[in-house]
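Colleague: The structure's right below; bear with me while I get my questions together.
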Amino acid sequence: MSKYVVAVVGATGVVGKELIETLEARNFPVKTLIPLASARSAGSTVSFHGADIVVAELTETSFEGVDYALFSAGGSISETFAPFAVKSGAIVIDNTSHFRMHEDVPLVVPEVNAHALKGNKGIIANPNCSTAQLVLALKPLYDSYGIERIVISTYQSVSGSGKEAIEELEAHSRASLNGRHYEPKVYQHPIAFNVIPQIDVFEDNGYTKEEMKMINETKKILEDDSLKITATTVRVPVFIGHSESVNVQLKRRPESMDEVRALLDAFPGLSVMDNPEKSEYPTPRELAGKDDTYVGRLRYDLSEETGIEMWVVADNLRKGAALNAVQIAEALIA
Ligand SMILES: NC(=O)c1ccc[n+]([C@@H]2O[C@H](COP(=O)([O-])OP(=O)(O)OC[C@H]3O[C@@H](n4cnc5c(N)ncnc54)[C@H](OP(=O)(O)O)[C@@H]3O)[C@@H](O)[C@H]2O)c1
């Protein structure tokens, strides 16, 4: 089997670390791993298959001989350095938002639209973490019943904002319990014992950038600009795992909710966890570290003949980032 030189840009971040763990756990055919970060972390090490590998500083010449370059160091880094990687002959799989809506860049969740990988021009975008798990749950519904309109409210964990946000939730929780003041650095408001209905900056239409990402990326991945979608994205004091309350107005009413459960459970990457009598439904704390996206609280929408309600949970660092990126690389190899 061929083996590949794989660079991870942002190797010391939460997504970068998860990328390296995922490459190892899935036994991705890595010949050489090149962990890259800023000058701040150059010289530190990451562990891969039992070896300590030294992190190098990202430069324009970092990509010589690289087959796959997995980027997760922020949009401006991807904007500047992805073209150098492509020029060196590497395929870029980008976790940032920078290229996602570019017309000539496929935006891919392999279980949903692997066909979009064909004809890529060297850069493939990974969707926003809250979009990846959403489209997985929507795709089987879209194919079987058609979708008219989607209303989403998210409950997103702090790991979605990177390592400093994880530290902020921890430090702020300790400070609060000890009656000490803590000045937020990452978020606009205290995150411990709170919920913040703002993720990213506000746009002129009153939506946040995160909400517009979910709306636009979902249409691109499902290849349907006519979908009516609205979203409210909320940060909650959870370390790992994004949850979503999703109301879907279908084009046709399903015969039964058991039919919907069977349909979702059979779809690759999805698991149904839905047993109200035993209070069984997905929660982020219990599902952190899992690869699948979980769906529960399935029911007909009482207010709308063709509507259904569902609760969708996934590990944002896995399906929302690292796992999906590695699955894209696997799909390219296959
Ligand atoms: N967290 C998620 O759930 C998630 C999901 C999907 C996509 N993403 C995207 O992935 C990216 C990284 O997110 P994260 O959560 O992993 O952030 P993070 O924990 O803050 O890590 C950022 C990484 O980028 C590196 N970096 C920063 N500035 C750099 C520079 N000038 N040159 C080279 N490397 C630099 C950092 O290296 P140093 O150690 O040297 O600072 C670190 O490795 C973001 O664009 C984010 O939007 C995140």
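Colleague: Which of the chymotrypsin sites (Phe, Trp or Tyr not before Pro) found in segment 271-334 are loop residues per DSSP with 15 or fewer other Cβ atoms within 10 Å of their Cβ? Kindly include the intermediate steps, with their values, before the conclusion.
Modeller: Details: sites: TYR294, TYR300, TRP311; in loops: none.
Here no loop site has a sparse enough neighbourhood.
Colleague: Find the centroid of the Cα atoms in segment 17-32 and in segment 292-325, then give the distance between the two in whole Å.
Modeller: Each part reduced to its Cα centre gives a spacing of 27 Å.
Colleague: Largest first, please: the extent of the C-alpha atoms of the chain along each principal axis, to the nearest Å.
Modeller: The Cα atoms of the chain stretch 58, 56, 42 Å along the principal axes, largest first.
Colleague: Right, next: Please order LEU270, LEU19 by the number of other Cβ within 10 Å, starting at the fewest.
Modeller: Numbers: LEU270 22, LEU19 31.
Placing the least packed residue first, the sequence is LEU270, LEU19.
Colleague: Once the mean 1/r over all distinct Cα pairs of segment 131-316 is inverted, what Kirkwood radius in angstroms do you read off? Can you show the working numbers first?
Modeller: Details: mean 1/r = 0.0575 Å⁻¹.
Roughly 17.4 Å, rounded to one decimal.
Colleague: Mind checking the dipole of the chain: about its Cα centre, +1 per Lys or Arg Cβ, -1 per Asp or Glu Cβ, Debye to the nearest 20? Working shown, then result.
Modeller: On the way: 32 positive and 46 negative charges, 75 e Å.
Around 360 debye, computed over the chain.
Colleague: Can you tell me the length gained on complete extension of the stretch VAL201 to LEU117, counting 0.36 nm per residue apart and subtracting the Cα distance? Don't jump to the answer; show the numbers that get you there.
Modeller: On the way: separation 84, 0.36 × 84 = 30.24 nm, distance 3.04 nm.
Stretched fully, the VAL201-LEU117 segment lengthens by 27.2 nm.
Each reported figure results from applying straightforward, stated rules to the coordinates on display, with no laboratory input. This structure is a prediction, so every number in the text was calculated from the model and none was measured. Cβ atoms come from the backbone with ideal geometry, glycine included; neighbour counts cover every protein chain shown.
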